[in-house]
Amino acid sequence: MGLLSAMTASVSGMAAQGNALAAISENISNASTTGYKEALIQFQDLVDQAGVTGDYTADGVNSLIRYNIAEHGNLTGTTSPTDLAIQGNGFFLVKDASGNIFMTRAGSFVPDQNGNLVNAAGYTLMGYNIGPGGAGVTNTVSGLTPVNINGAALIATPSTAGTFTANLNSNDPVLSGAPSATNYTKKSSLVAYDDLGNPVTLDLHFSNLGGNNWEVDVYNNGVQLNPPGPVTLNFDPANGHLLASSAQSLSIAVPNGQTVNLDVSNSTQLASPFAVTTATVNGNAPSQWQGVTIAPDGTMSYNYSNGQIAPAFKIPIANVNSPDNLDTVSGDAFAQSLTSGSLIIGSASIGGLGTIKSSELESSTVDLATQLTDMVVAQRGYESNSKVFQTGSEMLSSLINMLHG
Amino acid sequence: MSLSSAAVTAQTGLSTITAEAAVLSQNIAGANDTGIYSRKTANIVSAPDGSQAASVTRASNQAVFDNLLNATSANAMHQALSSGLDQLNQTIGSLASDSANSPATSPEALLSRFTNALYTYEASPSDATLAAAAVNAAATLAQGLNSAAATVNKLRAQADAAMAASVQSINALLAQIQAVNGQIVTGTATKAGVADAQDSRDNLLTQLAQQIGITTVAGANGSISIYSDGGVTLFQGGAARTVTFSPTAVYIPMTAGNAVFVDGVPITGGSSPMPTSSGNLAGLAVLRDDTSVKYQAQLDNIANGLITSFAESDQAGSGPNLPGLFTVPGATALPASITGLAGQIAINPGADPNQAGNPLLLRDGGISGNPSYVYNTAASASYQSRLSQLLANLSSPTAFSAAGGIAVNATLDGYATASAAWLEAQRSNAASQSSYQSALLNTATTALSNATGVNLDTEMSKMLDLENSYSATARLLSTINAMFGTLLADLGNLPA
C-alpha cells in the first residue's frame with residue numbers, strides 16, 4: 001500500500017530529523033564542555049522489499065547516533081598544573097566512585113580532600129606508582145592506583161659523593177710546623193648531610209709540604225675525620241696537574257652518615273691565587289613538599305623546596321582500535337564496548353599515543369557554525385517530511401471525498 | 001579549522017600578547033631602578049593552537065657582573081681608607097700654613113714653634129718671660145701629641161665599630177642570599193620563573209661586595225657558591241658560613257684589634273693565611289691595624305725623642321738619666337717602653353709656671369728636683385750651655401724605632417716632617433685611588449647596564465608592535481563574531 005507507506009515513511013523521517021535536532025541541541029549546549037566529543041546523527045534507510053517491482057512501499061529512515069570520539073579538540077592554556085590534555089591519540093584512565101575504569105579526555109583535574117586528582121565530572125585519575133615502594137609501571141588495569149599529589153612530607157638524603165676542584169697556589173710558602181686543626185696553608189669547606197639530614201660542615205685543610213706535595217686533612221668542628229692518615233696530593237711540576245700516581249679522591253666518613261667519595265682529580269697547582277671552581281656534594285636536608293610537575297611523558301614528580309624532584313606517578317595513556325565505537329558515559333567519559341576493540345595501555349608518546357600537556361585543557365569539538373547550518377538542514381528536512389505527510393493525507397482525503405460524491 | 005577553533009586561537013593570541021605586555025611594563029618600570037634590574041624577555045613558543053608565553057628569562061652577562069663586583073669591592077675599600085685618613089688629616093695632620101689666625105695643629109708645626117721659642121730663649125737666657133714662652137710652647141706640643149694620640153685611638157675604635165657593623169651586615173646579607181638562592185634552586189628545578197629572584201640575588205651580591213671582596217661560582221639549578229677574595233668559603237651548598245668578630249670598644253696604643261673570622265679562618269690581621277684584600281672590611285682593617293698603628297708609632301717616636309732629648313744626666317754622680325722638661329706624669333725615671341708615650345707626654349710640673357714651677361730650670365737643669373742634676377751650679381743668670389746642648393740634641397740625628405714605617409735615622413724635626421709627609425702621602429694616595437676606583441665602578445656599572453639593562457627605545461617600539469598585534473587579533477575576534485552574526489541573522493531571515 002504505497003500511499004499509507006509514504007505517510008508512515010514521512011513520519012519516520014520527521015522522527016529522524018527530530019533526533020538530529022536533539023543531537024544538535026546537545027552539541028550546542030556542550031559547545032564549551034571540556035573534552036566533549038561532537039554527536040553526529042547518521043541516517044540509514046530501511047528497505048524490506050528488495051526485488052519487488054511495480055507496487056512500491058516506502059519504509060522510511062532510521063537514525064543512528066555516533067560520537068566523533070577520535071576527533072581532537074583545540075588545546076587551550078590554563079594556569080593550573082594539574083589541568084591535563086592529551087595532544088594526539090589516547091585517553092586518560094579514570095575511575096568512578098564504584099571503582100569502574102573509564103577513559104576520558106576531560107582533564108580538568110583538581111586534588112580532592114585526600115590529594116587524589118579528580119576531574120570536574122568526579123572521575124579519579126589513575127596511574128602507576130613509580131615512587132619508593134610503588135609497584136612501577138605494569139601497563140595493566142589491575143596495577144592502576146589513584147594519582148595522589150600529597151607527597152611524602154619530608155625526605156632527607158645522606159651525602160655519598162662530591163666534587164671539589166681548586167687551584168692551590170704554587171707560590172704559597174711551605175707550611176712551617178706540622179699540619180693541624182689550626183695550622184694550614186689554605187682552607188675551604190663543604191656542606192654534606194648525615195643520615196638524618198643534619199648539615200655537616202667538612203673543613204678541607206690544604207697544607208703545602210713543598211716539592212709539589214699538598215697534604216689534605218678533613219675536619220669537622222676541629223675533629224679530624226677519616227681518612228685517618230693524611231691524603232697527599234702530588235702535582236706534576238711540568239704542568240701543575242695531579243700526577244697519575246697521586247691520590248685522586250678522598251673518602252670522608254661523615255659522622256652519623258655515609259662515606260663521601262670526594263673527587264679532587266681536577267685540582268691544579270699553578271701560580272695563581274687559591275680559588276675554588278667546583279664545590280658540590282650530593283644529599284640534602286629534610287625538605288618540604290612544595291608542589292608537583294607533570295612532564296609530557298606523563299611522569300608526575302613531587303617538587304621539594306630545595307629543588308629536589310622525585311618522580312612519584314606515571315600517568316598512562318590508553319587507547320582502543322576504534323575509539324568512535326566507544327560507549328559514552330555521562331561526564332565526557334567513555335567505556336570499552338564490544339565493537340571498540342580491547343584496551344591498550346602505554347606510555348605517552350610511545351606507539352602512536354599522544355603526549356600529556358600540563359596546564360592545558362582540550363576544548364569541545366563542537367563547531368557552532370556547523371551546528372547552526374545543520375540545524376537549518378534538519379528543519380528543512382522536517383518541513384519536507386511534514387509536507388509529504390500532508391500531501392498523503394490530502395490524497396487520502398480526496399479518495400474519501402470521491403466515495404461520498 | 002572551524003570558526004570556533006579560530007576563535008580559540010585568537011584568544012590564545014590575546015593572552016600571549018598580554019603576557020608580553022606584562023613583561024614589557026615590568027621592563028619600563030625597572031628602567032630607572034637604582035639597583036640591578038636586568039631586561040626580561042618573554043619567550044613565546046608556538047603551541048598546537050596559536051602561541052603561548054613559555055617562560056620569562058633575563059638578560060645576563062656574568063663576566064661584566066663579576067667585573068662590577070670587583071670594582072664595587074675595590075672602591076669600597078679605598079673609600080673606607082680614604083675617609084678614615086681624611087679624618088686623621090683634618091684633626092691632626094693639617095699642613096695648613098702656620099699663622100696667628102689659624103695655628104697649625106700638626107706635631108711638626110708645634111715642634112718647630114717650640115724649637116723657635118727655645119732659640120729665642122737661648123739668645124737671652126736670663127729672660128724669665130722667654131723661658132715661660134718656651135715652656136708654654138713645650139706644653140702646647142705635648143698637648144698636641146696627646147690629642148693626636150687620642151684621635152688615633154678614637155679612629156681605631158671607630159674603625160673597629162664599623163668592622164662590627166660590616167660583619168653584621170655581611171651575616172644579614174648572607175642570610176638573605178641563602179633564602180633567595182633557595183627560591184632560585186626550587187624555581188629552576190620546577191621551571192618556574194626565577195628572573196626576579198636572580199635580580200634580587202644580584203642586588204644582594206653587590207651589597208655584599210661593598211663589605212667584602214667576593215668571587216662567585218655557579219652550581220647546579222642556578223645556585224651559587226660565594227668565596228671571599230682570599231678564597232675563604234662564605235656560602236656553599238645552600239648554607240651561609242658564619243662571619244664572627246668580637247669588637248673592642250676602647251682602644252689604647254697597646255690594643256691589638258680582634259681579627260674577623262669567616263668559616264673559622266681569620267681574614268684580617270697579619271697572621272691571616274687567607275687575608276681579604278678588598279671591600280669595606282679590608283679598608284677598615286688596614287686603617288685599624290696598619291695605617292693608624294704606624295702613625296701611632298710615629299707619634300710615640302716623636303714623644304720619646306722629646307723625652308730623651310731633654311733628659312737630664314747626673315752632674316754630681318753616676319745616677320741614671322732622669323726626665324727633664326718632657327716627661328710622663330708621675331715618672332721617676334725615663335720610660336722603658338716607647339708605646340703609648342704620645343698619649344701620656346706632658347711637661348714636668350717643676351718647670352711649668354702654670355703649676356707653680358720655675359721655667360728658668362730649663363736653663364739651669366734639675367727640673368726633676370734632684371740637686372745632683374743641676375747643670376748651672378754657679379747659678380749664673382746668663383748660663384747658656386745647657387740650652388745650647390738641648391738645641392744640639394734636637395738637631396742631631398737619632399735612631400727611631402722602625403715601627404713607624406719611615407726613616408729610622410733622622411733629626412727629631414726631620415722625623416716629624418717625614419711623619420707629616422707620610423700621612424699626607426697616605427691620604428692623597430687613598431683619595432686618588434678612591435676616585436680612580438669610583439671611576440672604574442662607574443664604568444663597570446655602565447657596562448652592565450649596557451649589557452643587561454633596559455633600553456626604553458627598544459621597549460617602546462616593542463610596545464607598538466604589541467599594540468598592533470593586539471589590534472589585529474582583536475580584529476580577528478570581531479570578524480569571527482561578525483561571521484556568526486551573519487549566520488544567525490540569515491537563519492532568522494529564512495522564509496518560514
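Odds and ends about this structure:
- Residues located in segment B:391-401, provided they are open to solvent by less than 60 Å² (accessible area, probe 1.4 Å) and either at positive phi or in a helix (DSSP H, G or I) (or both): B:391, B:392, B:393, B:394
- Scanning segment A:17-47 for residues that are touching a residue at least 60 places away in the same chain (Cβ under 8 Å) and assigned to a helix (DSSP H, G or I) yields A:17, A:18, A:20, A:21, A:24, A:27, A:28.
- Condition check for residue A:205 on (1) more than 9 Å from every other protein chain (Cβ to nearest Cβ); (2) within 17 Å of residue A:270 (Cα to Cα); (3) surrounded by 22 or more Cβ atoms within 10 Å (Cβ to Cβ): one failure, at (2).
- Scan of segment A:327-344 for residues that are open to solvent by less than 60 Å² (accessible area, probe 1.4 Å) and among the aliphatic types (A, V, I, L, M), ordered by number: A:329, A:333, A:335, A:343
- Of all residues in segment B:187-209, those being within 14 Å of chain A (Cβ to nearest Cβ), at negative phi and either open to solvent by 30 Å² or more (accessible area, probe 1.4 Å) or free of Cβ contacts under 8 Å to residues at least 12 places away in the same chain (or both) number 4.
- The sole residue among A:245, A:188 that is of a type outside the set (Asp, Glu) and out of contact with any strand residue (DSSP E or B) (no Cβ under 6 Å at 6 or more places or on another chain) is A:245.
- The single condition among (1) farther than 20 Å from residue A:289 by Cα; (2) surrounded by fewer than 19 Cβ atoms within 10 Å (Cβ to Cβ); (3) within 9 Å of another protein chain (Cβ to nearest Cβ) that residue A:199 does not meet is (1).
- Subset of segment A:78-94 (residues that are in a strand (DSSP E or B) and surrounded by fewer than 20 Cβ atoms within 10 Å (Cβ to Cβ)): A:87
- Screening segment A:300-379 for strands (runs of 3 or more DSSP E) wholly inside it with 2 or more residues that are within 21 Å of the chain's Cα centre (by Cα), within 14 Å of another protein chain (Cβ to nearest Cβ) and closer than 26 Å to residue B:50 by Cβ returns the ranges A:355-358, A:360-362.
- In the set (1) at pLDDT below 90; (2) part of a strand (DSSP E or B), the condition left unmet by residue A:102 is number (1).
- No other residue among B:372, B:388, B:380 is open to solvent by less than 50 Å² (accessible area, probe 1.4 Å) and either assigned to a loop (DSSP other than H, G, I, E, B) or touching a Lys or Arg at 6+ places or on another chain (Cβ under 8 Å) (or both) apart from B:380.
- Some residue of segment B:468-483 being at pLDDT below 90 and exposed (fewer than 13 other Cβ atoms within 10 Å of the Cβ): no
- Qualifying residue in segment B:109-128 (condition: crowded, with 24+ Cβ neighbours inside 10 Å and in contact with a Pro (Cβ under 8 Å, 6 or more places away or on another chain)): no
- From the options B:15, B:2, residue that is within 14 Å of chain A (Cβ to nearest Cβ), over 28 Å from residue B:439 (Cα atoms) and open to solvent by 60 Å² or more (accessible area, probe 1.4 Å): B:15
- Of residues in segment A:139-181 being within 12 Å of chain B (Cβ to nearest Cβ) and without any contact (Cβ under 8 Å) to a residue 40 or more places away in the chain, the one least open to solvent (accessible area, probe 1.4 Å): A:175
- Note on segment B:185-217: among residues that are outside any helix (DSSP H, G or I) and at pLDDT 90 or above, the one that is nearest to the chain's Cα centre (by Cα) is B:212.
- Residue match in segment A:129-138 (condition: within 14 Å of chain B (Cβ to nearest Cβ), in a strand (DSSP E or B) and either without any contact (Cβ under 8 Å) to a residue 60 or more places away in the chain or within 14 Å of residue A:315 (Cα to Cα) (or both)): no
- Residue that is farthest from the other protein chains (Cβ to nearest Cβ) [pool: residues in segment B:165-186 that are open to solvent by 30 Å² or more (accessible area, probe 1.4 Å) and of a type in the set (A, V, I, L, M, F, W, C)]: B:165
- Of everything listed in (1) free of Cβ contacts under 8 Å to residues at least 24 places away in the same chain; (2) closer than 24 Å to residue A:119 by Cβ, the single unmet condition for residue A:80 is (1).
- Top-ranked residue in segment A:215-229 [being buried (at least 17 other Cβ atoms within 10 Å of the Cβ) and more than 14 Å from chain B (Cβ to nearest Cβ); ranked as farthest from residue B:238 (Cα to Cα)]: A:215
- Any hit, segment B:165-184, residues being touching a residue at least 24 places away in the same chain (Cβ under 8 Å), assigned to a loop (DSSP other than H, G, I, E, B) and on the phi < 0 side of the Ramachandran plot: no
- Search result, residues across segment A:266-314 that are closer than 19 Å to residue A:358 by Cβ, among the hydroxyl-bearing types (Ser, Thr, Tyr) and modelled with pLDDT of 90 or more: A:299
- In segment A:274-289, residue nearest to the chain's Cα centre (by Cα) [restricted to those that are more than 7 Å from chain B (Cβ to nearest Cβ) and of a type in the set (Gly, Ala, Ser)]: A:287
The values are calculated or read from the model by the stated rules, or taken from the named source; none is laboratory data. Predicted, not measured: the structure shown is a model, and the values here were computed from it. Note: ideal-geometry Cβ built from the backbone for every residue, glycine included; neighbour counts use all protein chains shown. Side chains are part of the model used for accessible areas, which takes the heavy atoms of the whole protein and leaves out ligands, DNA and RNA. Shrake-Rupley method; radii C 1.70, N 1.55, O 1.52, S 1.80 Å.
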